[in-house]
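The values are calculated or read from the model by the stated rules, or taken from the named source; none is laboratory data. The model shown is predicted, which means the values in this text are computed figures rather than measured ones. Note: ideal-geometry Cβ built from the backbone for every residue, glycine included; neighbour counts use all protein chains shown.
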Amino acid sequence: MAQAKLSVNTLRRLPQYLNYLHSLPGGTPHVSATQIAEAVGLNDVQVRKDLAAVSQGGRPRTGYETGLLVRDIEALLRLGGPVRFAIVGMGRLGSALAQYGGFSQYDLHLAAAFDTDPALAGWEIGGVVVRPADEMATHCQKNGIRVGVLTVPPAAAQTACDALAGAGVETIWNFAPAHLSIPAGVRVENMNMAASLGILSRHLQQRLDDTDEREGSSA
Ligand code: NAD
């Protein structure tokens, strides 16, 4: 398999390709970059380039052997072994994420959950016991947890982010709408579902405007 250094954008697109490949009927022998591009709504050249960086199995007229392509993409996304992550803030969003079964597809394993609310301590959610937030450092270090998911209220986000960094966590997936001062050596990926939906609704609005314009000009 090719070992090229992949851009973050390529890494973001790979799960879309994988979802499509998994949706193909069992036994589909070959799949082309064009077919994938059409299915996921991306540019053909872009998909071709991404696939060339992750798999050497592409052939000019036949495309990629489906099984091999799946294996190559999965191997890349799996980072070479299970990655243990912790969720900090086990309210509505944290609990929902803890119960999501799709992380294992990427070898991500929920290993711990923390919350400052004493009423939540000891509850089992998503297969892990919620622990008091002050146990974060000891527990994360002891259990080799290197990824943290931040689902606390915005006002608590910096404290929780610092606590995760202090616990040795190197990557934080932050859902709190707060500007974080990022500790040295830590990478933060901010998530905003409302913004994603906002972008979609702008696209939709744009499409409606274009249709109105076309109809207006042909009237
Ligand atoms: P929630 O109030 O239901 O849960 C927050 C939890 O965090 C509570 O259980 C609370 O006890 C705990 N908490 C507070 N301070 C803590 C600390 N220092 N350490 C550990 N735990 C702590 O809130 P929610 O609805 O689950 O939302 C959680 C966060 O996610 C909020 O910041 C919200 O704005 C954000 N959110 C983001 C998106 C998105 O798309 N990015 C979507 C939904 C919610």
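Specify which of the listed residues (Thr151, Thr62, Thr34) is within 27 Å of Ser7 (Cα to Cα), in contact (Cβ under 8 Å) with a residue 60 or more places away in the chain and polar (S, T, N, Q).
Thr151
Scan the range 146-195 residue by residue and report those that are among the polar types (S, T, N, Q), more than 12 Å from the ligand (Cβ to nearest atom) and under 21 Å from the mean Cα position of the chain (by Cα).
Thr171
Could you run through the range 186-214 and say how many residues are over 24 Å from Ser95 (Cβ atoms) and at pLDDT 90 or above?
Qualifying residue count for the region: 2.
State yes or no: is Gly198 on the phi > 0 side of the Ramachandran plot and more than 9 Å from the ligand (Cβ to nearest atom)?
no
Please determine, by comparing only the residues of the range 105-145 that are near the ligand (Cβ under 10 Å from one of its atoms) and among the hydrophobic types (A, V, I, L, M, F, W, C), which one is farthest from Val70 (Cα to Cα).
Ala119
Just checking, how many residues over the range 59-83 are farther than 29 Å from Gln35 by Cβ and buried (at least 17 other Cβ atoms within 10 Å of the Cβ)?
1
Can you say whether Ala98 is touching a residue at least 24 places away in the same chain (Cβ under 8 Å), among the small types (Gly, Ala, Ser) and buried (at least 16 other Cβ atoms within 10 Å of the Cβ), as far as the supplied structure shows?
Yes: the conditions hold for Ala98.
Which count do you get for residues in the range 136-163 that are in contact with a strand residue (DSSP E or B) (Cβ under 7 Å, 6 or more places away or on another chain) and under 19 Å from Leu120 (Cα atoms)?
Total meeting the criteria: 10.
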